[in-house]
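A.B. asks: The following block contains the structure, expressed as structure tokens.
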Amino acid sequence: MSILALTLGVLGAALLAVLLVLGYIALKLPRLPAEIDSKWQTRYFMLQNGVFLFYLYVRGKLNGKPFLVNARESAGSVFKPKPSVLPSSNIKSSVKNFDGVRVRFYEPIERADSGDLPALIFIHGGGFMFGSADMYDPVTRKMAETIKGIVISIDYRLAPENPFPAGFDDCMTAIRHFGKNLAQFGVDPARIAVCGDSAGANLTAGLVQELCSETKNSPNLIKPKLQVLLYPVLQMFDLETPSYQKHNAAFGVTGGFLPTSSIAWMLPRYLTGAKDGAITKALLKGSARAVAARESPVLREVLNHSLVPMALKYPGYKCLDEALVNDEDGKESWEKLRSFVLDHRINPLFAEELTGLPPAYIVTCDFDVLRDDGTMYAARLRKAGVEAVLENYVGALHGLMFFPQFKWGHEARKKFYTFLSENL
């Protein structure tokens, strides 16, 4: 009886500890704004996210591994790719080496030799430091089924172990290899799209700009028919856009699914492979914005948020403080940040020239700090004569495409797949 009592006591204590942890995490969750769709599902999702972060914290204390390593290992053990062939799918998958870059390759099981298949190049998200082609396997397989063609999902190197431009260069290497072998894969060069989500959409936008610039002089390179940007991060300098301000008012600087603080934490690690408190502080303080706005007409137009419709600016929105242009701290911060801000591979939104780019399909989420990156990019593309479809989902959080429990996620996927099937 003593052993049974001891066992029950241990189990009871463990259960109590779990309940206390869940209760603590639940109390830390912010009150959801009235506009949020699927409130109970959203709160449950955020609770799950909090539990996962707590698990990673505890795991790190036990095994001594860095947070990112534990996050990748944990996600990799859960999100494993399906077998090459599934009974319910007409697509088969494989892993290929594209000039040294690993890609997951999807193609129809039964295909003609006509050489007119459409193709989609997919670049996964994860803040440049997380995610993999394997994790996105169900999504990319569905894309291949939708277009009835080829999908390549690129496993680019991740920061901080491999800082910029390693990931960008890997994607370009894989795309160029693919472009040289279109005939072998049976792909129509006039029916190729490049697609990415979040950080992958950042890479997508920069790569498309680069490809279109290069193809002016090298007609044999890929010229994408479409660019698809799913809740993209297109600039990592202005953390005070109306969408950042709206998100901060609702969740706080460190709250929500994609907090403002996470962008400031992520950027130096992506750029240099290490934390840099000075860069993080400068980004969060925002004192360099007024100085930067004097750099070029493009920066001024973007940084004063004139491209964001008034309907998207919540009542407490504060515009750029022009008085900060002579702030000494702002000038010093701008000199520190200037080189990366003006690099279109990092901040595609700030590119000077956008004419000649392919039509864009851009998805944004209304309660996402990144909403206005996509909003302003769509506006700039249109001004440059580029067709841009913008779908903004009211009440939605970042990452909506891959969360089937939400009504807005279901609607977004349905529209996205329809767009692909009709335009590629």
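The values are calculated or read from the model by the stated rules, or taken from the named source; none is laboratory data. Small disclaimer: the values here were computed from a predicted structure and weren't measured. Neighbour counts are summed over all protein chains in view; Cβ atoms, including those assigned to glycine, are modelled from backbone coordinates with ideal geometry. Side chains are part of the model used for accessible areas, which takes the heavy atoms of the whole protein and leaves out ligands, DNA and RNA. Shrake-Rupley method; radii C 1.70, N 1.55, O 1.52, S 1.80 Å.
A.B. asks: Of everything in segment 383-392, what is farther than 19 Å from PRO33 by Cβ and under 19 Å from the mean Cα position of the chain (by Cα)? Give them in sequence order.
C.D. replies: To start, the set of residues in segment 383-392 that are farther than 19 Å from PRO33 by Cβ comprises 383-391.
Once the filter is applied, which keeps residues that are farther than 19 Å from PRO33 by Cβ and under 19 Å from the mean Cα position of the chain (by Cα), segment 383-392 yields ALA388, VAL389, LEU390, GLU391.
A.B. asks: Could you please let me know if THR254 is assigned to a loop (DSSP other than H, G, I, E, B) and either among the polar types (S, T, N, Q) or without any contact (Cβ under 8 Å) to a residue 40 or more places away in the chain (or both)?
C.D. replies: Working: assigned to a loop (DSSP other than H, G, I, E, B): yes; either among the polar types (S, T, N, Q) or without any contact (Cβ under 8 Å) to a residue 40 or more places away in the chain (or both): yes.
Judged against the criteria, THR254 is a match.
A.B. asks: What number goes with the only condition from (1) closer than 29 Å to LYS407 by Cα; (2) among the small types (Gly, Ala, Ser); (3) touching a residue at least 12 places away in the same chain (Cβ under 8 Å); (4) exposed (fewer than 14 other Cβ atoms within 10 Å of the Cβ) that ALA75 does not pass?
C.D. replies: (4)
A.B. asks: If the Cβ limit is 8 Å and pairs must be 6+ apart or interchain, which residue in segment 144-160 that is closer than 21 Å to ASN90 by Cα pairs with which residue that is hydroxyl-bearing (Ser, Thr, Tyr) and in a helix (DSSP H, G or I)?
C.D. replies: Partner pairs satisfying both residue conditions: THR146/TYR417; THR146/SER421; ILE147/SER421; VAL151/THR140; SER153/THR140.
A.B. asks: Do you know which of the residues in segment 95-108 that are among the charged types (D, E, K, R) and part of a strand (DSSP E or B) is surrounded by the most Cβ atoms within 10 Å (Cβ to Cβ)? Please lay out each step first, then the result.
C.D. replies: Taking segment 95-108 as the starting set, the residues that turn out to be among the charged types (D, E, K, R) are 96, 99, 102, 104, 107.
Next, from what is left, pick out any that are part of a strand (DSSP E or B): 96, 102, 104, 107.
On the way: LYS96: 14, ARG102: 18, ARG104: 23, GLU107: 19.
Among those residues, the one meeting the criterion is ARG104.
A.B. asks: Hey, another quick one. From the list TYR393, TYR417, TYR361, TYR377, pick out the single residue that is under 23 Å from THR254 (Cα atoms) and hydroxyl-bearing (Ser, Thr, Tyr).
C.D. replies: On the way: TYR417 fails: under 23 Å from THR254 (Cα atoms); TYR361 fails: under 23 Å from THR254 (Cα atoms); TYR377 fails: under 23 Å from THR254 (Cα atoms).
Testing whether each residue is under 23 Å from THR254 (Cα atoms) and hydroxyl-bearing (Ser, Thr, Tyr) leaves just TYR393.
Residues are listed down the side, and each one gets a yes or a no for (1) under 22 Å from the mean Cα position of the chain (by Cα); (2) assigned to a helix (DSSP H, G or I); (3) surrounded by 20 or more Cβ atoms within 10 Å (Cβ to Cβ); (4) not aromatic (Phe, Trp, Tyr):
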position: GLU110; (1), (2), (3), (4): no, no, no, yes
position: PHE122; (1), (2), (3), (4): yes, no, yes, no
position: PHE128; (1), (2), (3), (4): yes, no, yes, no
position: SER132; (1), (2), (3), (4): yes, no, yes, yes
position: MET143; (1), (2), (3), (4): yes, yes, yes, yes
position: ILE152; (1), (2), (3), (4): yes, no, yes, yes
position: ASN162; (1), (2), (3), (4): yes, no, no, yes
position: ASP169; (1), (2), (3), (4): yes, yes, no, yes
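A.B. asks: If you don't mind, there's one more thing I want to ask. Can we say LYS92 is under 30 Å from LEU424 (Cα atoms), touching a Phe, Trp or Tyr at 6+ places or on another chain (Cβ under 8 Å), open to solvent by 50 Å² or more (accessible area, probe 1.4 Å) and at pLDDT 85 or above? Quick ask: steps written out before the conclusion?
C.D. replies: On the way: under 30 Å from LEU424 (Cα atoms): yes; touching a Phe, Trp or Tyr at 6+ places or on another chain (Cβ under 8 Å): yes; open to solvent by 50 Å² or more (accessible area, probe 1.4 Å): yes; at pLDDT 85 or above: yes.
Yes; evaluated as a whole, the condition is true for this residue.
A.B. asks: Residues of segment 133-143 being of a type outside the set (Ser, Thr, Tyr) and either under 17 Å from THR418 (Cα atoms) or without any contact (Cβ under 8 Å) to a residue 12 or more places away in the chain (or both), which ones? Even if it seems obvious, please write down each step before you answer.
C.D. replies: Within segment 133-143, the first condition is being of a type outside the set (Ser, Thr, Tyr), and the residues that meet it are 133-135, 137-139, 141-143.
Answer for segment 133-143, where residues must be of a type outside the set (Ser, Thr, Tyr) and either under 17 Å from THR418 (Cα atoms) or without any contact (Cβ under 8 Å) to a residue 12 or more places away in the chain (or both): VAL139, ARG141, LYS142, MET143.
A.B. asks: Would you confirm, using the coordinates I've provided, whether SER93 is among the polar types (S, T, N, Q) and in contact with a helix residue (DSSP H, G or I) (Cβ under 7 Å, 6 or more places away or on another chain)? Reasoning before the result, please.
C.D. replies: On the way: among the polar types (S, T, N, Q): yes; in contact with a helix residue (DSSP H, G or I) (Cβ under 7 Å, 6 or more places away or on another chain): yes.
Yes: the conditions hold for SER93.
A.B. asks: How about segment 171-197: which of its residues are open to solvent by less than 30 Å² (accessible area, probe 1.4 Å), out of contact with any Lys or Arg (no Cβ under 8 Å at 6 or more places or on another chain) and either closer than 17 Å to LEU271 by Cα or part of a strand (DSSP E or B) (or both)? It would help to see each step written out before you state the result.
C.D. replies: Residues of segment 171-197 that are open to solvent by less than 30 Å² (accessible area, probe 1.4 Å), as a first pass: 171-172, 174-175, 178-179, 182, 185-187, 192-197.
Adding the requirement that they be out of contact with any Lys or Arg (no Cβ under 8 Å at 6 or more places or on another chain) leaves 171-172, 174-175, 178-179, 182, 185, 187, 194-197.
Result: CYS171, VAL187, VAL194, CYS195, GLY196, ASP197.
A.B. asks: Please return the ranges of helices (runs of 4 or more DSSP H) entirely within segment 273-352 where 2 or more residues are touching a residue at least 60 places away in the same chain (Cβ under 8 Å) and open to solvent by less than 40 Å² (accessible area, probe 1.4 Å).
C.D. replies: Details: elements: 277-285, 289-292, 297-303, 328-341.
The helices (runs of 4 or more DSSP H) meeting that bar are 297-303, 328-341.
A.B. asks: Name the single residue that is surrounded by the fewest Cβ atoms within 10 Å (Cβ to Cβ) among those in segment 393-416 being within 18 Å of the chain's Cα centre (by Cα) and part of a helix (DSSP H, G or I). Break it down stepwise before answering.
C.D. replies: Step one: list which residues in segment 393-416 are within 18 Å of the chain's Cα centre (by Cα), which gives 393, 396-404, 408-409, 412-413, 416.
Now restrict to residues that are part of a helix (DSSP H, G or I): 400-402, 408-409, 412-413, 416.
Numbers: LEU400: 28, MET401: 22, PHE402: 16, TRP408: 21, GLY409: 22, ALA412: 22, ARG413: 19, PHE416: 20.
Across segment 393-416, the extreme among qualifying residues is PHE402.
A.B. asks: Here is a list: ALA166, ALA133. Which entry is more than 30 Å from SER89 (Cα to Cα), touching a Lys or Arg at 6+ places or on another chain (Cβ under 6 Å) and among the small types (Gly, Ala, Ser)? Before you say what the answer is, go through the steps one by one.
C.D. replies: Working: ALA133 fails: more than 30 Å from SER89 (Cα to Cα).
Among ALA166, ALA133, only ALA166 is more than 30 Å from SER89 (Cα to Cα), touching a Lys or Arg at 6+ places or on another chain (Cβ under 6 Å) and among the small types (Gly, Ala, Ser).
A.B. asks: Let me ask something else about it. Select, from THR364, THR355, the only residue that is buried (at least 23 other Cβ atoms within 10 Å of the Cβ), at pLDDT 90 or above and not in a helix (DSSP H, G or I).
C.D. replies: Numbers: THR355 fails: buried (at least 23 other Cβ atoms within 10 Å of the Cβ).
So the residue among THR364, THR355 that is buried (at least 23 other Cβ atoms within 10 Å of the Cβ), at pLDDT 90 or above and not in a helix (DSSP H, G or I) is THR364.
A.B. asks: Still on this structure, I have one more. What's the number of the only condition in (1) surrounded by 22 or more Cβ atoms within 10 Å (Cβ to Cβ); (2) at pLDDT 95 or above that TYR136 fails to meet?
C.D. replies: (2)
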